[in-house]
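Heads up, the thing below is written out as structure tokens.
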Amino acid sequence: MATARKSFETILLDRSWVSPQDLEKARQRKKPGQELAEVLVDMGAVEPQRVARALAQEFRLPFQAQIDVHAVEPSLINKVPINYAKKNHLLPLHTEDGCVSVAISDPANYEVLDDLTVLFGKTVSPIVAPVEIIDEAINRAYDQATTTTAQDLMIDLEDGPLEQVASELASEPRDLLEADDAAPIIKLVNGLLSQAVKDRASDIHVEVFESDLVVRFRVDGMLYDVLSPPKRFHAAIASRIKVMSGLNIAEKRLPQDGRIRVRIAGRDIDIRVSTIPTAFGERIVLRLLDRAQALVDINLDHLGFSGDNLRKIDRLIHQSHGIILATGPTGSGKTTTLYACLSRINSPEKNIITIEDPIEYQLRGVGQMQVNPKIELTFANGLRSILRQDPDVIMVGEIRDSETAEIAIQAALTGHLVFSTLHTNDSFGALTRLIDMEIEPFLVSSSVLAVLAQRLVRKVCPDCREPYEPDEAELSRIGLRRANLTAPIYRPRGCRACRNTGYRGRMAIQELMVMDDEIRSLVMRKADAASIRRQCTSHGMKLLRQDGAERIMAGQTTIEELLRVTQEDIA
């Protein structure tokens, strides 16, 4: 004899997952058409996962706590619109024995299950899963199953007329993956943004020339051609991007800067937009920042610091006063490293203020000021104002002139910890650069705590890297000898996971010069960078190429990549 079916409420009470008092409150708060489970979760009376388990037991269905999106069949995804899946909190998973398994949060939604049966033409087998697990899996699965690339969207452009872009933007969808019915130009730009996020691109370049238009992505520091739309679409693409970023569509003679904030596959993406006029039209660059990923990246442990350098920098950033400089070319990750330092020491007891151009990351609990030369808010003027705000720690985005350098050093000497960046090729040149800016040598020697030089190298793809035997010439160029090799050396090959580049992701290599009495003495005598370098290396300081060589022996990067990034230092 079959056991009687227990109700959802009885199961929650039997398992003590909800109290009778909370259940009664939920019944009183429940509005017509609203599910009791939803009210209980909103009240915080029960966890969503327990609700799903209780529903699965009530309807005698299997329960699934997690969803493997890699096992989801793309053919099923393509039949169900993403907005329908999100609205009803469901995700088709796979087909087995002529039956389609569907993860759903509410198994009592018979109307939806009937719709899916008609849509697939097969029996639907529901599996109960927590609503937040399904919603997250929907974003990831639909992003993974997106086969429409920017190149595919060119077909729509060729067939459809160009309409006024501004009038098409009255209402933006919450998520760009839901923009299936958008006009061709909008679909193209949305497709570019979605593909850029999927490809881990940091920048999108829209470049116009005499007879053609080229779109390129920067991935892991390298530019790649993505597509070449007909040049006649340039004006419409530029207008679409300008409207999204709040720029003046009519102004094509002057450079403009703007920002876009969008959601792509459930991820919040900040986009910095820059336009400049060129001989053949406006060139546009979009800098993409995944806000969720940024929180992971802004961490000293994730930036690639080696053990010894990490211990040294951790000790330095907890000093009460002095100046710490990060040097290197544009795009070498200097600002990200300084942000990571600030995050490490950020606490309610410290007043941290920054002045930047532009503000790249939003740091919780940190006061951040944007440089604005139009109203004479320069680094120097802003720094003067910051000093009147009783700061403990100050970050100056960049020391560009002697006035900013002088104020920053005075701040370091008067009890403030100062972080800043300086454009020099190595750590040793930073000291001579400050003296060239007419800063007195005794001020430099007494205020500077350390100088960190940094480069970003691409990490060899772990899926397709292959070991090989480098020749002696290759090894000698990075300061290694075959007798000292303790692990295999790898080279890139290329696979689908790394877009056939052989590399995936980037990491930092550093040289950290910590000031001591000997270096201070050389600075006081206005010694050149070469003399300071000899002094540091004689005391065992690790240079950029030596740090990179360690990463090569650890199987993280390649000789070819290290030579590309540090060629000036090795020559």
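The values are calculated or read from the model by the stated rules, or taken from the named source; none is laboratory data. Not measured: the values here are computed from a predicted model. All Cβ positions, glycine included, derive from the backbone under ideal geometry; neighbour counts span all protein chains shown. For the accessible areas, the whole protein counts, side chains as well, though only heavy atoms, and no ligand, DNA or RNA atoms are used. Shrake-Rupley method; radii C 1.70, N 1.55, O 1.52, S 1.80 Å.
Normalised by 2.2 N^0.38 Å, where N is the number of residues, the alpha-carbon radius of gyration of the range 1-144 equals 1.09. For the range 460-571, the equivalent ellipsoid built from the Cα gyration tensor has semi-axes of 33, 15, 11 Å, listed from largest to smallest.
Distance between the C-alpha centres of the range 466-485 and the range 492-537: 20 Å, rounded to the whole angstrom.
Express the carbon and sulfur contribution to the solvent-accessible surface of the range 1-91 as a percent, rounded to the nearest whole number, probe 1.4 angstrom. So the carbon and sulfur contribution to the accessible surface is 49 percent. Using only Cα atoms and rounding to the nearest 10 degrees, what angle (0 to 90) does helix 110-120 make with the longest principal axis of the chain? For helix 110-120, the angle is close to 80 degrees. Think of it this way: in the chain, 99, 341, 536 stand alone, with no other Cys Cβ under 4.7 Å. Separation of the range 383-439 from the range 338-362 is 15 Å, based on Cα centroids. When the listed pairs 242/374; 242/459; 187/334; 30/87; 79/122; 312/526 are checked against a 24 Å cut-off, the alpha-carbon distance exceeds it for 242/459; 187/334; 312/526. Evaluated with a Cβ-only charge set (Lys, Arg +1; Asp, Glu -1), the range 238-321 carries a dipole of roughly 340 debye about its Cα centre, given to the nearest 20. For helix 529-538, what angle does its Cα long axis make with the longest principal axis of the chain, in degrees from 0 to 90 and rounded to 10? The angle comes out at about 70 degrees.
Its relative contact order, with pairs defined as Cα atoms under 8 Å and 6+ residues apart, puts the range 265-400 at 17 percent. Accessible surface calculations at 1.4 Å, restricted to protein heavy atoms, place the chain at 49 Å² per residue. Within the accessible surface of the range 300-430, defined with a 1.4 Å probe on protein heavy atoms only, the carbon and sulfur portion equals 45 percent.
Note on the range 281-407: Cα-only Rg and Dmax are 15.4, 51 Å.
Between the amide H of residue 125 and those of 100, 101, 102, distances stay under 5 Å, these residues lying 5 or more places away or on another chain, with hydrogens modeled in the peptide plane.
Nearest 500 deg cm²/dmol is fine: what mean residue ellipticity at 222 nm does the chain get from its DSSP H runs of n ≥ 4 alone, each adding -39,500 (n - 2.57), divided by its residue count?
-11000 deg cm²/dmol
When the Cα positions of 271, 48, 190 are compared along the charge dipole of the chain, 48 comes out farthest toward the positive end, with charges on each C-beta of Lys, Arg, Asp and Glu. The equivalent ellipsoid of the range 190-290 has semi-axes of 21, 16, 11 Å, largest first, where each one is the square root of 5 times an eigenvalue of the Cα gyration tensor.
Using every pair of separate Cα atoms, the Kirkwood estimate puts the hydrodynamic radius of the chain at 27.8 angstrom.
Compared with the dominant Cα axis of the chain, that is its longest principal axis, helix 131-145 is turned about 70°.
Quick one: of the DSSP bridges fully inside the chain, what percent are antiparallel, nearest 5? For the chain, the DSSP antiparallel bridge percentage is about 65.
Rounded to the nearest 20, the size of the Cβ-charge dipole of the chain about its Cα centre is 620 debye, with Lys and Arg at +1 and Asp and Glu at -1.
Note on the range 376-507: along the principal axes its Cα atoms extend 57, 34, 23 Å, ordered by decreasing extent. Over all other residues within a Cβ to Cβ distance under 12 Å of residue 551, the charged ones net out to +3, with Lys and Arg as +1 and Asp and Glu as -1. Under a cut-off of 22 Å between alpha-carbon atoms, report the lysines in cross-link reach of residue 25, not counting same-chain residues fewer than 8 places apart. In chain and number order, the partners are 6.
Rounded to the nearest 20, the size of the Cβ-charge dipole of the range 199-288 about its Cα centre is 300 debye, with Lys and Arg at +1 and Asp and Glu at -1. Taking every alpha-carbon pair in the range 232-321 and binning the separations at 5 Å intervals from zero gives 3, 11, 17, 14, 10, 10, 9, 10, 7, 6, 3, 0 percent. Based on C-alpha pairs under 8 angstrom that are at least 6 apart in sequence, the chain has a relative contact order of 8 percent.
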